[in-house]
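Below you'll find the structure, written out as structure tokens, and then a few comments.
The values are calculated or read from the model by the stated rules, or taken from the named source; none is laboratory data. Predicted model, so just to flag it, every value in this text is computed and none were measured. Heavy atoms of the whole protein, side chains included, go into the accessibility calculation; ligands, DNA and RNA do not. Shrake-Rupley method; radii C 1.70, N 1.55, O 1.52, S 1.80 Å.
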Amino acid sequence: MTGIYTIVSSPDRSGSGTNTIIVGSGIEGASVIDPTVADLAHLEAIIHAAESRGGIRRILITRGHTGAMDGAQTLRQKLGVHIYAWSFKSVPFAHFEMSDGMQVPAGSEMLRAIHLSNALFFFGLELFFDK
């Protein structure tokens with residue numbers, strides 16, 4: 001494992017590509033953020049990338065858009081892990097609805113969920129930055 005997160009890219013319907021982010025490690029294992037497509041090769045790449053982080057322990061969905069969650073149900077069925085979503089209304093198959101301020105493990109740190117008008121943002125680990 002290198003870095004605080006891993007990105008697994010997959011082409012989406014537009015052909016431009018979308019990203020799945022994997023964070024966490026150690027005893028708490030990995031969290032998969034937005035498993036984009038239900039393509040089996042893409043999901044296997046996510047599983048493989050998470051192995052060095054202790055395996056996938058949870059799936060996090062940041063918005064009710066198919067580009068963020070198409071692979072979530074297939075990944076859940078394959079691994080038996082829980083799905084945490086920003087809204088039951090937009091992601092009715094989720095196990096848990098993430099409240100504003102809810103924290104999820106990310107290695108030795110925590111990610112804090114921040115609700116926006118139509119999505120969920122995670123604060124912590126400097127996941128979103130300009131380079």
**Request:** Provide the per residue accessible area, probe 1.4 Å, for the range 59-102, rounded to a whole number of square angstrom.
**Result:** 48
**Prompt:** How do Ser108, Ser99 stack up against each other in accessible area, from largest to smallest, with a 1.4 angstrom probe?
**Reply:** Ser108, Ser99
**Segment Lys78-Gln103, length gained on full extension (0.36 nm per residue, minus Cα span)** = 6.5 nm
